[in-house]
1. Quickly run through the range 14-64 and pick out the residues that are part of a loop (DSSP other than H, G, I, E, B) and open to solvent by less than 30 Å² (accessible area, probe 1.4 Å).
2. Consider the range 227-241. How many of its residues are more than 14 Å from R186 (Cα to Cα), assigned to a helix (DSSP H, G or I) and either under 14 Å from the mean Cα position of the chain (by Cα) or of a type in the set (S, T, N, Q) (or both)?
3. Across the range 90-105, which residue is most open to solvent (accessible area, probe 1.4 Å) among those that are assigned to a loop (DSSP other than H, G, I, E, B) and farther than 19 Å from G12 by Cα?
4. What do you reckon, is A177 more than 26 Å from A250 (Cβ to Cβ) and crowded, with 18+ Cβ neighbours inside 10 Å?
5. Anything in the range 169-197 that is farther than 30 Å from R23 by Cα and among the β-branched types (V, I, T)? List them, or say none.
6. Could you tell me which residue of the range 106-128 is most open to solvent (accessible area, probe 1.4 Å), considering only residues that are assigned to a helix (DSSP H, G or I) and touching a residue at least 40 places away in the same chain (Cβ under 8 Å)?
7. Give the range 36-48 a look and list any residue that's closer than 19 Å to P72 by Cα and touching a helix residue (DSSP H, G or I) at 6+ places or on another chain (Cβ under 6 Å), or say none.
Amino acid sequence: MQFQKITIIGVGLLGGSIGLAARQKGLAGEIAGFVRREKSVPECEKAGATDYATTDLLAAVSNADLVILCTPLAQMRLLAQQFLPALKRGAIVTDVGSVKSDVVRGLEPVIARVGAHFVGSHPMAGGEKMGVLAARANLLENAICVVTPTKKTDAKAVQKIGRFWESLGARVLRLDAARHDLFVSRTSHLPHVAAAALAGLVLDPKSPKSQSQLCATGFRDTTRIASGSPEMWRDIALANRKNISNSVDAFVKELKKFQAALRSGDAAVGKFFASAKTRRDKWCSQTTSISSE
């Protein structure tokens, strides 16, 4: 057992999956969940994600050794300020936010006020379905979890958080928060923007009905992530707006390369697709190799 009590603030898909995995692996004596709505309490218990859930934030956090913020980014600092009176000295607070610089800057000094420790985290796992009933215990297996300590972060707290994510099956990578935000603007945030833009264009209600009827597996796969939480992705986009804007510019430049290839003829178009296939196949083989180790 790593912790006597873990509190999950926001028991949805990711928070619920963390709870399920932590219970399955015996990482805590007790797992509490904080939810905003009373109707979510029985859902948490039905899913088995927590030992109990409550709408009382202070009760949920009281005596917790580890608190995990699994809410939209814009809510995290306010919630931390609200639960501060119940946070015990020496506790560790982490999060699952997809943008780290703002979160770390906002939460690290707040949590330090009561002698507790904040360690930024980003487990890169999820799905388009929302809610605790979509949670599953193996969601984090072989997923990368980025941990973003600063010069002020307690070293023992960083080690404990790293071991916690590894115990859930994740592979831990340490990165500076700013570097993390730059990279995920390309690898995670840009794909969501592209999926949303494609869904918006092709499924425009003003378009002929027959257009959407011709959307098959390729379109479904490419736009799957556009069904994710609009609230969550709004917060992500606004928190990482500069990096995402630059990534969109780079993506538009790549699309313009393809337009130029179309004008050039068969060889240029073939080269465009061949290069993309080679790069993706190499990446797939590397990730498959890592996950099978």
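1. Result: L27, V35, G48, A49, T50, A64.
2. 8
3. Restricting to residues being assigned to a loop (DSSP other than H, G, I, E, B) and farther than 19 Å from G12 by Cα, the top hit is G90.
4. Against the criterion (more than 26 Å from A250 (Cβ to Cβ) and crowded, with 18+ Cβ neighbours inside 10 Å), A177 does not qualify.
5. T187, V193 - these are the residues of the range 169-197 that are farther than 30 Å from R23 by Cα and among the β-branched types (V, I, T).
6. Applying the first criterion (assigned to a helix (DSSP H, G or I)) to the range 106-128 yields 106-112.
Checking the rest, the ones that are also touching a residue at least 40 places away in the same chain (Cβ under 8 Å) come to 108, 112.
Numbers: E108: 35, A112: 59 Å².
Among them, the one singled out is A112.
7. C44
The values are calculated or read from the model by the stated rules, or taken from the named source; none is laboratory data. Computed from a predicted model, the values in this text were never measured in an experiment. Don't worry about glycine lacking a Cβ; one is built from the backbone with ideal geometry, like all the others, and counts go over all protein chains shown. For accessibility, only protein heavy atoms count, side chains too; no ligands or nucleic acids. Shrake-Rupley method; radii C 1.70, N 1.55, O 1.52, S 1.80 Å.
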